[in-house]
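S.K.: One structure, pasted below without further comment.
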């Protein structure tokens, strides 16, 4: 999921953004939705690149990259992730996430984290499906 290097979450803003190019004042991003709206994000904004995010497991010395979580979601659910993160209880979110990553650390992974992961997956699946295909092609070449 090399395309995750180009996708970011910006603190305080909803959705995901494709990083277009850096500039002196910050970075130019484009929304990952139908509008494809471009904007400048200041250098002071907290921009988290999805490729650099990983999820804690019960083994303190091990975490799982977000890309692996997304691939597992695709294998198990494709576009049919039926849990609604907005209305699901924390218990339901933890039960759902345990089907994706059974040994996630329930003390360090919060319900809000799981909600974000589900929402991000849905956005990527709908608007950047090639992020999932690249991984499949790389595995076929090996």
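S.K.: Can you name the residue in region 43-66 that is assigned to a loop (DSSP other than H, G, I, E, B) and free of Cβ contacts under 8 Å to residues at least 24 places away in the same chain and is also surrounded by the most Cβ atoms within 10 Å (Cβ to Cβ) among such residues?
M.R.: Of everything passing the filter in region 43-66, 53 is surrounded by the most Cβ atoms within 10 Å (Cβ to Cβ).
S.K.: Let me ask something else about it. Got a sec? Which of 85, 102 is part of a loop (DSSP other than H, G, I, E, B), within 21 Å of residue 54 (Cβ to Cβ) and in contact with a helix residue (DSSP H, G or I) (Cβ under 6 Å, 6 or more places away or on another chain)?
M.R.: Just a single option satisfies the conditions, and that option is 85.
S.K.: Right, another one. Would you tally the residues in region 21-34 being out of contact with any strand residue (DSSP E or B) (no Cβ under 9 Å at 6 or more places or on another chain) and either surrounded by 12 or more Cβ atoms within 10 Å (Cβ to Cβ) or modelled with pLDDT of 90 or more (or both)?
M.R.: 1
S.K.: While we're here: Assess whether residue 118 counts as being under 15 Å from the mean Cα position of the chain (by Cα), closer than 22 Å to residue 31 by Cβ and either assigned by TED's automatic domain parsing to the domain that holds residue 36 or at pLDDT 95 or above (or both).
M.R.: When the stated conditions are applied, residue 118 passes them.
S.K.: If you don't mind, there's one more thing I want to ask. Taking into account only those residues within region 1-33 that are assigned to a loop (DSSP other than H, G, I, E, B) and without any contact (Cβ under 8 Å) to a residue 40 or more places away in the chain, which is nearest to residue 119 (Cα to Cα)?
M.R.: Residue satisfying both the conditions and the ranking: 14.
The values are calculated or read from the model by the stated rules, or taken from the named source; none is laboratory data. Bear in mind that the values here come from a model prediction, so they are computed numbers and not experimental data. With ideal geometry, Cβ positions are generated from the backbone for all residues, glycine too; neighbour counts draw on all protein chains shown.
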